[in-house]
Amino acid sequence: MTAERYEIAVFPGDGTGPEVVREGLKVLGALAEGDRARWRATEHPGGGQYYLAHGREWEPEGEAAARSADAILLGAVGWPGATLPNGDLAGRALVLGLREGLDLYANVRPCKLYPGVLHRISGEYREVWAPRNVDLVIVRENTEDLYTPARGRLRRAGATEVAIDTRVITQKGTERIVRYAFELARARPRGAPEDGAKRVTCVDKANVLEGCRFFRETFDRIGTEYPEVERDYAYVDAFTQWLVRNPEHYNVVVAPNMMGDIVTDLAAVLQGGMGFAAGGNIGERHAMFEPVHGSAPKHAGHDRVNPFATFFAIEQMLRWIGTTRADPMLGALADRLERAVARTLKEGHARTYDQGGRASTSEVGDRVAEAVRGAAR
Ligand code: IPM
Ligand code: MN
């Protein structure tokens, strides 16, 4: 069999995005050593800073590359003062635009705590949750809910009188995200840390909101097709407490877009903070992977932010390519990357400022690249 070469369209973006992407590409390069190159990563400009300099969010070539690539890797977008004429974030084309344009309907955010990772609670660094108790995935609907363009302002004589966001929950959107969650629970090798159960928890506000009632009905209907997967329910407000108190109960969680956006940031605290949180924006044919911490303008240019989220985004990307293209080699490389990351974290010598350490972004990248080479031997 002749191995394919996969095209990866890379958008470093704004602020600290290029710094973490640089380390990600370093690690990706180390993974490819000693092997025929299985991918080609091509960088493209874009984002808020690019908009300020060039008057457009990205180039037509970048947009075309995103469409034709086997996978997309995004650093981060957003820069102070970079706003489109309509008030939207400049750079949104690379995040919300790709989610809409490529119909990346599943926002898949794994939340796993690795040994050696600390939590910053009340300003102190501690081990709060036992690593074996945090291993869940939040599957967030990524194309509708409050994120649809069904919004606007009623202005009279230039003054806003009413601002409206409409919450849109569709049958198609709900069915496919719920199905994604059940398929994932079925495929994951391990169930919930608490009891090993394959479980999908539906997070909503079905006690009040009509869209959530519909979301939950759909969850129940689709869920009956997966008898081996337990159906579990949580109102979003209660879920926030339970997640913090008993993360071991959760395996796969599914939520509508806006609630999913909020609870995934909370979940990131369980895994050590936003510096470790990665997400895949996944559709039928396309997918974009990103560290979810954002561009962090105040840290930009200091080589100090935590690049682990980008390594996890790359791991997730390799697994996705491997699965969708039926190429087990990519899954094996993702395993190797995960082992290298886990080993580096456990040793505790690669701690950036957010972990109470002094390591720089590039030092952490060097260590993980070295560990990747070690894992190959
Ligand atoms: C995320 C982010 C985005 C979102 C922003 C940057 C538009 O918070 O990916 O979670 O709201 O989805
Ligand atoms: Mn968010």
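Each value in this text was obtained by applying a stated rule to the coordinates, not by laboratory testing. All of these numbers come straight from a predicted model, not from anything done at the bench. We place every Cβ from the backbone using ideal geometry, glycine too, and count neighbours over all the protein chains shown.
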Checklist outcome for this item: From the Cα centre of region 1-30 to that of region 135-167, the distance in Å is 32
Checklist outcome for this item: Taking the alpha-carbon centre of each part, the distance from region 250-305 to region 321-355 in Å is 17
Checklist entry - Using the Cα gyration tensor of the chain, with a ≥ b ≥ c the square roots of its eigenvalues, what is the shape: rounded (a/c below 1.5), prolate (a/b larger than b/c) or oblate (neither)? => result rounded
Item to check | MRE, 222 nm, helices only [DSSP H, n ≥ 4, -39500 (n - 2.57), over the chain, to nearest 500] | outcome: -12500 deg cm²/dmol
Checklist entry - Any idea what the dipole of region 227-377 comes to, in debye rounded to 20, about its Cα centre with Lys/Arg Cβ at +1 and Asp/Glu Cβ at -1? => result 540
Item to check | Signed unit charges on C-beta, dipole axis of the chain, positive-most listed residue ALA30, VAL168, ALA187 | outcome: ALA30
Checklist outcome for this item: In the chain, taking the dipole from +1 charges on Lys and Arg beta carbons and -1 charges on Asp and Glu beta carbons about the Cα centre, the listed residue (ASN251, LEU102, GLY123) farthest towards the positive end is GLY123
Checklist entry - In debye, nearest 20: dipole of the chain around its Cα centre with unit charges on the Cβ of K, R (+) and D, E (-)? => result 340
Next on the checklist: For the chain, what does the relative contact order come out to in percent, with C-alpha contacts under 8 Å and a separation of six or more?
Outcome noted: 22
Item to check | Highest to lowest packing among 270-278, 214-222, scored as the average C-beta count within 10 Å | outcome: 270-278, 214-222
Checklist entry - What number comes out for the charge environment of PRO291, summing +1 per Lys or Arg and -1 per Asp or Glu over other residues with Cβ under 12 Å away? => result -3
Checklist entry - How large is Rg/Rh for region 224-375, to two decimals, with Cα atoms and a Kirkwood Rh? => result 0.99
